[in-house]
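The values are calculated or read from the model by the stated rules, or taken from the named source; none is laboratory data. Predicted, not measured: the structure shown is a model, and the values here were computed from it. Counting neighbours? That spans all protein chains shown, and the Cβs are built from the backbone with ideal geometry, glycine included.
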Amino acid sequence: MTQKRVLITGAAGFLGSHLCDRFIKEGYHVIGMDNLITGDLHNIDHLFKLEHFEFYHHDVSKFVHVPGKLDYILHFASPASPIDYLKIPIQTLKVGSLGIHNLLGLAKQKSARLLIASTSEVYGDPQVHPQTEDYWGNVNPVGPRGVYDEAKRFQEAMTMAYHTYHGLETRIVRIFNTYGPRMRLNDGRVLPAFIGQALRGEDLTAFGDGSQTRSFCYVDDLVEGIYRLLLSDCADPVNIGNPDEITIKDFAEEIIKLTGTDQKIIFKPLPTDDPKQRQPDITKARAILGWEPKVSRAEGLKITYAYFKSLSKEKLYEDPLGRAFIKK
Ligand code: UDP
């Protein structure tokens, strides 16, 4: 049997790099692609020596060419944290629109199956709880999150159109908050923010009164769900996330306990359109993929904290987009 070939966009990012690892482990030939705006080559350094890994430094918003056959394409290139999309809103819109159009064209030409990374952000500030896949969402298109949310919604629409109109094999995963090693320490997301603050000896900044909720999934569980979805025959969107919901204030307390910091929680204004609650309904993933998360938050946080502690001191103070330093 010939070896299967997979293209993974956003390969140097948090999720993309873990997906590269998984597909290498499964015996695939992996072609990584990234424009390195938010990705970091350190995440895939260990793969360059492998015969069955190659890397293209390329922006998928521009025409994408990959020689040879392709069996699968996984589109994971996108800024994905509120800080990123505030700083690079146009790129965020382009990768979800021009980028997916290029990749759908490539998938059609290669007769490849394409899986897109969608997000719980398509539900916006949800009025249905927990969120099921048939909920259409409550999104502000012109708010600060609009560039991400609408790009991802457009991406789903475009992908579904290629599926129905061209008969392309497509898969859509709606990813809920995910964490683990290789997250960027200063990308503004709550988990690296809190751990970074604890490591720098700063107070932990909870936004609003900290009563908003999130449900955090450990990266290995997410990757397993994505792998199963890719190989399934389900073209409709599927939620992948961990339903274990917690308030941000309680989460801050867990991080204080985990890190042993003697800093306290301070409260800062809630960002515009910050969703008040979020929890995936994973009934569908359980039924059609036989999937559910296995790693508890306590376990996952321990591994993630060990990773952040192992980073150099310089990384602790690095600006999220690597162009400046927030503090020397
Ligand atoms: N948050 C917080 N302090 C921080 C960073 C984030 O309280 O330093 C809050 C944020 O307002 C949101 C939640 O934590 O309610 C999760 O934020 P994140 O940016 O990680 O992801 P998202 O809002 O996209 O789920």
### Query
Can you name every residue in the stretch 66-117 that is of a type in the set (S, T, N, Q) and part of a loop (DSSP other than H, G, I, E, B)?
Ser78, Ser81, Ser111
### Query
Looking at this structure, is Tyr148 on the phi < 0 side of the Ramachandran plot, away from the ligand (no atom under 15 Å from the Cβ) and touching a helix residue (DSSP H, G or I) at 6+ places or on another chain (Cβ under 6 Å)?
no
### Task
State all residues of the stretch 2-20 that are surrounded by fewer than 19 Cβ atoms within 10 Å (Cβ to Cβ) and either at pLDDT 95 or above or part of a helix (DSSP H, G or I) (or both); if no residue qualifies, say none.
Gln3, Lys4
### Unique match (being of a type in the set (Asp, Glu), modelled with pLDDT under 95 and under 21 Å from Glu121 (Cβ atoms)) among Asp281, Asp274, Asp221
Asp274
#### Entry: All positions within the stretch 182-207 that are in contact with a Ser or Thr (Cβ under 6 Å, 6 or more places away or on another chain) and more than 10 Å from the ligand (Cβ to nearest atom)
Arg182, Ala198
## Note on the structure
Here the residues within the stretch 239-295 that are hydroxyl-bearing (Ser, Thr, Tyr) and either assigned to a helix (DSSP H, G or I) or away from the ligand (no atom under 11 Å from the Cβ) (or both) are Thr259, Thr261, Thr283
### Task
Could you tell me which of the residues Lys294, Lys249 is more than 22 Å from the chain's Cα centre (by Cα) and of a type in the set (Lys, Arg)?
Lys249
### Message
Of all residues being in a loop (DSSP other than H, G, I, E, B) and in contact with a helix residue (DSSP H, G or I) (Cβ under 6 Å, 6 or more places away or on another chain) in the stretch 26-62, which is nearest to Ile8 (Cα to Cα)? Just the residue, please.
### Response
Val60
### Message
Under 7 Å between Cβ atoms, which residue pairs at least 6 apart in sequence (or on different chains) link something in the stretch 190-203 that is among the polar types (S, T, N, Q) with a partner that is outside any helix (DSSP H, G or I) and within 10 Å of the ligand (Cβ to nearest atom)?
### Response
Gln197/Leu204; Gln197/Thr205
### Task
Just need a number here: residues in the stretch 113-132 that are buried (at least 21 other Cβ atoms within 10 Å of the Cβ), away from the ligand (no atom under 16 Å from the Cβ) and in contact (Cβ under 8 Å) with a residue 60 or more places away in the chain.
1
### Query
So Leu231 clears everything in (1) away from the ligand (no atom under 16 Å from the Cβ); (2) over 21 Å from Lys87 (Cα atoms); (3) buried (at least 18 other Cβ atoms within 10 Å of the Cβ) except one condition, right? Which one?
(3)
### Message
Conditions first: (1) hydrophobic (A, V, I, L, M, F, W, C); (2) near the ligand (Cβ under 10 Å from one of its atoms); (3) more than 20 Å from Tyr227 (Cβ to Cβ). Phe176 passes all but one, so which condition is the exception?
### Response
(3)
#### Entry: Among the residues listed as Pro275, Pro293, the single one being surrounded by 15 or more Cβ atoms within 10 Å (Cβ to Cβ) and under 17 Å from His129 (Cα atoms)
Pro275
